[in-house]
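Read through the structure below, which is laid out as structure tokens, and then see the notes.
Only the coordinates and a few stated rules stand behind these numbers; no lab work does. Because the structure is a prediction, the values reported are computed rather than measured. Please note: Cβ atoms are built from the backbone with ideal geometry, for glycine as well, and neighbour counts cover all protein chains shown.
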Amino acid sequence: MSATDEILFDTDEAGIARIVLNRPQARNALTFAMYQGLIDLCDRIEADERIKVLVITGAGEKAFAAGTDIAQFRDFSSPEDALGYERFMDRVLGALERLRVPVIAAVAGACTGGGAAIAASCDLRIATRDARFGFPIARTLGNCLSMSNLRRLSGLIGPARVKDMIFTARLFGAEEALAAGLVGEVVEDAAALAARATELAAQLAGHAPLTLRATKEGLRRLDAEAEAEGERPGDDLILMCYTSADFREGMEAFLAKRPPNWTGR
């Protein structure tokens, strides 16, 4: 197993690659270096024809990933910091969407924020019964999802459920996520999750790779956001949130473990 201490990677003889988000002490919250590690590993997998399927999971049983490490935002000081972050995230999630092999998210525990965005960009999702999914940003940071993330999430569960998830800031339990189409299977616990992920990966590894690749890429093209000339769609929304006093207040309140005082500015 290799990569870094915070993002582990290995492959086996069956052509199954595994990525483990490995910060269990922080509920696998992702640093910018970990996000870059995902991009680098996608490049590595793309170049290795022996790899037929990828499984992504989180270390431990408490979380797949609890979003971006909030401390990463403390250095934001300009509009370009906000836009740059969301464009970077589009690169991370796009790397998973464009990967030639199927990607399975094996989710135990909390799957929130950036972690939920990663899971949504995978092709198949399986979860333990105690898994929880969501983007509780309306009660924590006061930021927003990019247009690409809204498109991706809406494609999975529909715009009405996206509004429910974001507006209420609640987390969907595993059974609700299953009913909504966010996950395809629910298993009992972490041991069952590991076994089922391996079983499903082996099944996909035995199928026609070009069929899987063409289906994945064809659906991505159908759902791709049209490129706009000039300013990217949604940049004004990103700037409205990330450059606000509310975002700074939400971040500081989160780190101080106190309720934020929203002002709408």
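Ordered by packing density, taken as the mean number of other Cβ atoms within 10 Å over each peptide's residues, highest first, how do 123-132, 207-216 rank? Let's see the in-between values first.
Values: 123-132: 22.0, 207-216: 12.9.
Those peptides, ordered most packed to least, come out 123-132, 207-216.
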In sequence order, calculated HN-Hα J values of the stretch 4-19 (Karplus, 6.51, -1.76, 1.60; Hz; x Gly/Pro): 10, 5, 9, 9, 9, 9, 8, 9, 10, 5, 7, x, 9, 9, 10, 10
Build a GNM of the chain with springs between Cα atoms under 10 Å: which of Ala180, Ala65, Ala47 gets the top mean-square fluctuation? Ala47
Using the alpha carbons of the chain, what is the convex hull volume per residue in cubic angstrom, as a whole number? 127
Tell me which lysines have Cα within less than 17 Å of Lys216's Cα, excluding those fewer than 8 residues away on the same chain? Lys52
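Once you sort the root eigenvalues of the Cα gyration tensor of the stretch 1-112 as a ≥ b ≥ c, which label holds: rounded (a/c under 1.5), prolate (a/b larger than b/c) or oblate (the other case)?
Values: a/c = 2.21, a/b = 1.40, b/c = 1.58.
Since a/c reaches 1.5 but b/c is at least a/b, the shape of the stretch 1-112 is classed as oblate.
Before anything else, pin down the relative contact order of the chain: Cα pairs under 8 Å, at least 6 apart, normalised by residue count, whole percent.
Details: 469 pairs, mean separation 50.6, N = 265.
RCO, the chain: 19 percent.
For Ser121, Ser154, Ser77, which order do you get if you count the other beta carbons within 10 Å of each Cβ and list the fewest first?
In order of increasing Cβ crowding within 10 Å: Ser77, Ser154, Ser121.
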Using just the helices of the chain, give the 222 nm mean residue ellipticity in deg cm²/dmol: DSSP H runs with n ≥ 4 each add -39,500 (n - 2.57), and the total is spread over all residues, rounded to 500. -14500 deg cm²/dmol
Starting from the Cα of Arg87, step 7 Å toward the Cβ, then list every residue of the stretch 147-172 with an amide N under 15 Å from that point. 147-148
If I take every Cα pair under 8 Å that is 6 or more residues apart in the stretch 89-168, average their sequence separation and divide by the length, what percent do I get for the relative contact order? 28
Result for the chain, cysteines with no Cys Cβ partner under 4.7 Å, is Cys42, Cys111, Cys122
